[in-house]
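Everything on this sheet refers to the single structure shown next.
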Amino acid sequence: MRKGISIVICGTLSSIPSELEENIKSTIGNSQYELIYFDNSIDSKSIFQIYNKGLSKAIYPYVCFMHQDILFESKNWGDEVCEIFNKNDVAILGVIGSKFANPFPLGWWSSLSKSGIVKERERGLQVYSTEVEEVVTVDGLWFVLNRELVPNFQFDSNVFSGFHYYDMDTCLTIREFGYKILVVPSIRIFHNSGGRLDDLFFINAIKCYNKHRKHLPAYTITDKEEIKKNFSYYKEMNSINSISEYVLRKKPYSIIFCLGSWLDNFLSNKRSDLSILCFRICKTAFIKVSTFSFLLNKIFRINR
């Protein structure tokens, strides 16, 4: 297989945005490359299915998966990717990620030990480290898979659906194969949007957590004190972005979810049916309890 980069993009437009196409052309450097763009607005397949189609079409050993709403701010990033893969026994490269994956269904950002650099429209420049570091997970806005090391890798479209958690599942799977993942901060990217934590995000998070539960927590940190801080960091996070996240993290709802998760693991249920059922029951219960409490408070205020 010739050296080069196959760039796979799952988009919502009829063709790749001209600005992005020109940006790739002017920044990738001297590396050979191809663009594989999928308009997913008609068939609406999961990103796991689309990325597997990209793998089957790719002619180069280094397969780059990226969002359609990013732009490269650094030059010769393709040459840097090829050089790192040529010199290192590495399976995945990313630009931002984490050195700790906690034993709970939350995103990579729920770690204290984040790594890399990215600029986002909503949150501005995020700088966690300026050195190349080995990580456990990378963000899916951009990452490159080295098929010379993992020629038979496939995204898990049997367990997962939708457009969330493909990055976490891929990274955890690659690590379980015994390969390294690196974050490369010198490859600078501008991301023109933020993530959306809807119910499908948490359902895939639950599936991923159950699938990899035996291997969690996972970390590349060596400092024992930092490891200890990461264990408590996600438990102490003050920000809760949705009802879904609340019922997964707060008692008594979290206890019910954990019971479903334990049963799924006992039954080797990869699709996490009981965990997801418990999650939905807890969310419904939370909404009804909250509504009832709100109405009671309102009645008491009127009667005072």
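The values are calculated or read from the model by the stated rules, or taken from the named source; none is laboratory data. Note that the structure is predicted; figures quoted are calculated from it, not measured. Quick reminder, even Gly has a Cβ in these numbers, built from the backbone with ideal geometry, and neighbours come from all protein chains shown. For the accessible areas, the whole protein counts, side chains as well, though only heavy atoms, and no ligand, DNA or RNA atoms are used. Shrake-Rupley method; radii C 1.70, N 1.55, O 1.52, S 1.80 Å.
Observations, loosely collected:
- Some residue of segment 241-251 being surrounded by fewer than 16 Cβ atoms within 10 Å (Cβ to Cβ), under 20 Å from the mean Cα position of the chain (by Cα) and either on the phi > 0 side of the Ramachandran plot or outside any helix (DSSP H, G or I) (or both): yes
- Residue count for segment 70-104 under the criterion of being buried (at least 16 other Cβ atoms within 10 Å of the Cβ), over 21 Å from Ser31 (Cα atoms) and either at pLDDT below 95 or not basic (Lys, Arg) (or both): the result is 7.
- Condition check for Ile255: open to solvent by 30 Å² or more (accessible area, probe 1.4 Å), in contact with a helix residue (DSSP H, G or I) (Cβ under 6 Å, 6 or more places away or on another chain), closer than 29 Å to Ser113 by Cα and of a type in the set (A, V, I, L, M, F, W, C): no
- Of all residues in segment 187-213 being open to solvent by 60 Å² or more (accessible area, probe 1.4 Å) and in a loop (DSSP other than H, G, I, E, B), the one that is farthest from Asn241 (Cα to Cα): Arg188
- For the residues Val144, Val183, the requirement of being of a type in the set (Val, Ile, Thr), open to solvent by less than 10 Å² (accessible area, probe 1.4 Å) and either touching a helix residue (DSSP H, G or I) at 6+ places or on another chain (Cβ under 7 Å) or at positive phi (or both) singles out Val144.
- The set of residues from segment 260-278 being touching a residue at least 12 places away in the same chain (Cβ under 8 Å), surrounded by fewer than 20 Cβ atoms within 10 Å (Cβ to Cβ) and closer than 22 Å to Ser110 by Cβ comprises just one member, Asn265.
- Residue selected from segment 27-61 under the condition in a helix (DSSP H, G or I) and among the hydroxyl-bearing types (Ser, Thr, Tyr), by the criterion surrounded by the fewest Cβ atoms within 10 Å (Cβ to Cβ): Ser56
- Taking the numbered list (1) at pLDDT 90 or above; (2) within 24 Å of Ser110 (Cβ to Cβ) in turn, Tyr246 passes all entries but (1).
- Here Phe294 fulfils each of the conditions (1) open to solvent by less than 70 Å² (accessible area, probe 1.4 Å); (2) at pLDDT below 90 apart from (1).
- Condition met for Asp156 (open to solvent by less than 10 Å² (accessible area, probe 1.4 Å), at pLDDT 95 or above and within 23 Å of Cys278 (Cβ to Cβ)): no
- Within segment 125-143, residues that are over 25 Å from Ile50 (Cα atoms) reach partners that are open to solvent by 20 Å² or more (accessible area, probe 1.4 Å) and outside any strand (DSSP E or B) with beta carbons closer than 7 Å, at six or more positions or on different chains, in the pairs Glu133/Lys99; Glu134/Thr220; Val135/Lys99; Val135/Thr220.
- Those residues of segment 70-94 which are in contact with a strand residue (DSSP E or B) (Cβ under 7 Å, 6 or more places away or on another chain) and outside any helix (DSSP H, G or I), in sequence order: Ile70, Leu71, Phe72, Glu73, Asp89, Val90, Ala91, Ile92, Leu93, Gly94
- Condition met for Ser261 (out of contact with any Gly (no Cβ under 8 Å at 6 or more places or on another chain), among the polar types (S, T, N, Q) and modelled with pLDDT under 90): no
- Near pairs, Cβ below 9 angstrom, 6+ apart or cross-chain, from segment 35-47 (over 17 Å from Ser6 (Cα atoms)) to any residue that is loosely packed, with under 10 Cβ neighbours inside 10 Å and of a type in the set (Val, Ile, Thr): none
- Residue under evaluation Ile221, criteria (1) outside any loop (DSSP other than H, G, I, E, B); (2) closer than 18 Å to Trp109 by Cβ; (3) touching a Lys or Arg at 6+ places or on another chain (Cβ under 9 Å), criterion not met: (1)
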